[in-house]
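Asker: Below are the structure tokens for one structure; questions will follow.
Read-outs: derived from the displayed coordinates by stated rules, not from any lab. What you see is a predicted model, and the numbers here were worked out from it, not measured in a lab. In this analysis, Cβ positions are derived from the backbone assuming ideal geometry, glycine residues included, and neighbour counts consider all displayed protein chains.
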Amino acid sequence: VQLQASGGGLVQAGDSLRLSCAASGVTFYSYTMGWFRQAPGKEREFVAAINRSGDRLLSVKGRFTISRDNAKDTVYLQLDNLKPEDTAVYYCAMGRYGSSQGEYEYWGQGTLVTVSS
């Protein structure tokens, strides 16, 4: 199983980014997909998850949106109105529906989002 995250970059406060995570080597549609992030000096934290039925969990409501395209084996995280405190490495993960890291079996390598003020 491979999860390849992409789409990070350096942006200014108020900008938007769309992160993508492409999966391979697995039956994508049957798994919950999640996003976590780790800011410098902090623990990794839950951001969002979407299960096979389209049910969603979000820790940042109103600015972040998670979606998936089962035909492309890809999950997306839309980040709007970014703030400097959103600066982190964003990781995609695959597993069971939930917000705990222990729910997720497979992890991608992470993509860095840096938001300048």
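Asker: To the nearest 0.05, what FRET efficiency results for Tyr29 and Asp80 with a Förster distance of 30 Å applied to their C-beta separation? Please list the in-between numbers first.
Answerer: Working: r = 26 Å, r/R0 = 0.88.
The calculated FRET efficiency here is 0.70.
Asker: Still on this structure, please answer the following. How large is the dipole of the chain about the Cα centre if only Lys and Arg carry +1 and Asp and Glu carry -1, each at its Cβ, rounded to the nearest 20 debye?
Answerer: On the way: 12 positive and 11 negative charges, 25 e Å.
Around 120 debye, computed over the chain.
Asker: For a Förster distance of 22 Å, can you work out the FRET efficiency between the beta-carbons of Arg63 and Ser6, rounded to the nearest 0.05?
Answerer: Details: r = 20 Å, r/R0 = 0.92.
Taking R0 as 22 Å, the efficiency between Arg63 and Ser6 is 0.65.
Asker: What is the extension gain from Ser99 to Asp55, computed as 0.36 nm multiplied by their sequence separation minus the C-alpha to C-alpha distance, in nm to one decimal? Could you put the intermediate results ahead of the total?
Answerer: Numbers: separation 44, 0.36 × 44 = 15.84 nm, distance 1.27 nm.
Roughly 14.6 nm would be gained on extension.
Asker: Moving on to the next point. Taking the Cβ of Tyr31 as the center, what net charge do the other residues with Cβ under 9 Å away carry, scoring Lys and Arg +1 and Asp and Glu -1?
Answerer: Values: positive: Arg52, Arg96; negative: Glu105.
Taking every Cβ under 9 Å from that of Tyr31, the sum is +1.
Asker: Once you have a ≥ b ≥ c as the square roots of the Cα gyration tensor eigenvalues for the stretch 7-117, tell me rounded if a/c is under 1.5, and otherwise prolate or oblate according to whether a/b is larger than b/c. Intermediate values should be presented prior to the final figure.
Answerer: Numbers: a/c = 1.80, a/b = 1.61, b/c = 1.12.
It is prolate, given that a/c is not under 1.5 and a/b is the larger ratio.
Asker: Would you kindly derive the ³J(HN,Hα) couplings of the stretch 43-54 from the backbone phi angles with the Karplus curve 6.51 cos²θ - 1.76 cosθ + 1.60 (θ = phi - 60°), listing them in order in whole Hz, with x for Gly and Pro?
Answerer: 6, 5, 10, 6, 10, 6, 8, 9, 9, 5, 8, x
Asker: Using the beta-carbon distance between Ala71 and Tyr106 and R0 = 25 Å, what value does 1/(1 + (r/R0)^6) give for FRET efficiency, to the nearest 0.05?
Answerer: On the way: r = 20 Å, r/R0 = 0.79.
Taking R0 as 25 Å, the efficiency between Ala71 and Tyr106 is 0.80.
Asker: Could you give the length gained by full extension between Ala39 and Ser16, i.e. 0.36 nm per residue of separation minus their alpha carbon distance, to one decimal place? All intermediate terms of the calculation are to be shown ahead of the outcome.
Answerer: Numbers: separation 23, 0.36 × 23 = 8.28 nm, distance 1.80 nm.
Using 0.36 nm per residue and subtracting the Cα-Cα distance, I get 6.5 nm.
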